[in-house]
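Remarks on the structure that follows.
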Amino acid sequence: MNPGPGRRLIPAYLVTGGRSAPSGPALDRLAVLIRTDTDLPTGTGAEQRRLCELLAPGALTVVECAAHLDLPAGATVFLATDLVASGHLRARPPIPRAGEIDRSLVERLLVGLRSLH
Amino acid sequence: MDSVPSTDRGGVGYLPSAAETLMKLVVTGPFGVGKTTLIRTLSEIETLHTEETMTQAGAGLDDTAGLPEKTTTTVAVDFGRLTVQDDLVLYMFGTPGQERFLPLWEDIARGALGALVMVDTRRLGDSFAVMDLVEEQGLPYAVAVNRFPDAPAHPDEVLRKHLDLDPGTPLVQCDARERRGSIDALIALAEHALTRLPASQEPS
Ligand SMILES: Nc1nc2c(ncn2[C@@H]2O[C@H](COP(=O)(O)OP(=O)(O)OP(=O)(O)O)[C@@H](O)[C@H]2O)c(=O)[nH]1
Ligand SMILES: [Mg+2]
């Protein structure tokens, strides 16, 4: 498992080749994926199909989909990006308005955590 | 209020429709320190994991001729989910703290609230590399000392000194199998992260 000291490791999905990176910003691993009301064309790949079937009953984040489908997160980002582009999925960013963590969010997180005690 | 779809027969744990904002933090530390245990204690869904295959960047990625000798290694990243308020959900990602997983780390750390660095008092020395890595990522962090029954107990001040902690870095002692102490560790991290965020902008 240890590839030896000083060797740089990169995620395998980046070197599989033959697959151009999807255009536009990559989907966040915590983006919420929602199945739209559209049929899949007959030529749809098996993995795209599995992803859409997983999402038929409800929404999940990209990384949860990856875990349920036994796929690496990076590969699932690619699959989901394609399906969003073709309109079969919708993606919602994890932090809707501000786009990033701000004080008011962390304050609300703290209120929530304290209430879980 | 509707929540989990009634069609969730496989126990997938679909997101409640009210879950609008999703935050994440990283749980890290040396091997076997209790990362997975803490996530399992807190998660409302069965702990999930992804297998991330890391390929050694050998003699040039552009080498289209002969395949360079490649070494791959698989890292399991486990994670769980905790709804803290109806619309606010926290994801916890357990990530090994070794430098060689840095690229994976960067992906997971991006946009994270901060990191909880777990420490075993029997192996304090293993924690330094992890804290260095977290600091390099610029992530705020808190230290959670996971108390094992056979591990010697030390007062906070002694541990802080041995770990050479900055006075501002929180240290909590917990048992990763217990919910209350584990939540306290998250609270310490969130409080610390708050001190590092700039004052909110007035809405314009
Ligand atoms: N007594 C005691 N045992 C614990 C505690 N936390 C974890 N353990 C045990 O320690 C072992 C390692 O815990 P894990 O949660 O798997 O540790 P980890 O950091 O996820 O380990 P790796 O992913 O292999 O690096 C397990 O056998 C746990 O049951 C604790 O707070 N008290
Ligand atoms: Mg683990």
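Quick rundown of the values:
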item	result
Filtered residues of region B:74-99 (kept if more than 20 Å from B:Gly34 (Cα to Cα) and in contact (Cβ under 8 Å) with a residue 24 or more places away in the chain)	B:Thr83, B:Asp86, B:Asp87, B:Leu88, B:Val89
Of residues in region B:64-97 being open to solvent by 40 Å² or more (accessible area, probe 1.4 Å) and within 18 Å of B:Thr50 (Cα to Cα), the one modelled with the highest pLDDT	B:Ala76
Members of region B:178-204 that are hydrophobic (A, V, I, L, M, F, W, C) and modelled with pLDDT under 95	B:Leu197, B:Ala199
Output for region A:15-40, where each listed residue is exposed (fewer than 10 other Cβ atoms within 10 Å of the Cβ) and modelled with pLDDT of 95 or more	A:Asp37, A:Asp39
Within region B:27-44, tally of residues that are within 12 Å of B:Leu90 (Cβ to Cβ) and more than 10 Å from ligand 2 (Cβ to nearest atom)	3
Among (1) modelled with pLDDT under 95; (2) exposed (fewer than 14 other Cβ atoms within 10 Å of the Cβ); (3) charged (D, E, K, R) - the single one B:Arg147 does not satisfy	(2)
Pairs, first over 21 Å from B:Leu102 (Cβ atoms) in region B:118-133, second assigned to a helix (DSSP H, G or I), C-beta under 6 Å, six or more apart	B:Leu124/B:His162
Condition check for B:Asp184: more than 16 Å from ligand 2 (Cβ to nearest atom) and in a loop (DSSP other than H, G, I, E, B)	no
Hits in region B:150-186 (condition: more than 14 Å from chain A (Cβ to nearest Cβ), over 14 Å from B:Val119 (Cα atoms) and within 16 Å of ligand 1 (Cβ to nearest atom))	B:Asp150, B:Arg177
Residue count for region B:151-177, restricted to those that are closer than 22 Å to A:Leu113 by Cβ and either at pLDDT below 95 or loosely packed, with under 11 Cβ neighbours inside 10 Å (or both)	1
Search result, residues across region A:89-117 that are open to solvent by less than 20 Å² (accessible area, probe 1.4 Å) and more than 8 Å from chain B (Cβ to nearest Cβ)	A:Leu89
Region B:100-124, residues that are more than 9 Å from chain A (Cβ to nearest Cβ), open to solvent by 10 Å² or more (accessible area, probe 1.4 Å) and within 16 Å of ligand 1 (Cβ to nearest atom)	B:Thr121, B:Arg122, B:Arg123, B:Leu124
Single residue of A:Ala80, A:Ala12 found to be modelled with pLDDT under 80 and open to solvent by less than 40 Å² (accessible area, probe 1.4 Å)	A:Ala12
Enumeration of residues in region B:125-144 that are open to solvent by 10 Å² or more (accessible area, probe 1.4 Å) and among the hydroxyl-bearing types (Ser, Thr, Tyr)	B:Tyr141
Every pair of residues 6+ apart whose Cβ atoms lie under 8 Å, when the first sits in region A:43-68 and is facing another protein chain (nearest Cβ under 9 Å) while the second is among the aromatic types (Phe, Trp, Tyr)	A:Pro57/B:Tyr14; A:Gly58/B:Tyr14; A:Ala59/B:Tyr14; A:Leu60/B:Tyr14; A:Thr61/B:Tyr91; A:Val63/B:Phe79; A:Val63/B:Tyr91; A:Ala67/B:Phe79
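The values are calculated or read from the model by the stated rules, or taken from the named source; none is laboratory data. The structure presented is a predicted model; accordingly, all values stated were derived computationally and were not measured. Don't worry about glycine lacking a Cβ; one is built from the backbone with ideal geometry, like all the others, and counts go over all protein chains shown. Side chains included, ligands, DNA and RNA excluded: accessible areas come from the protein's heavy atoms. Shrake-Rupley method; radii C 1.70, N 1.55, O 1.52, S 1.80 Å.
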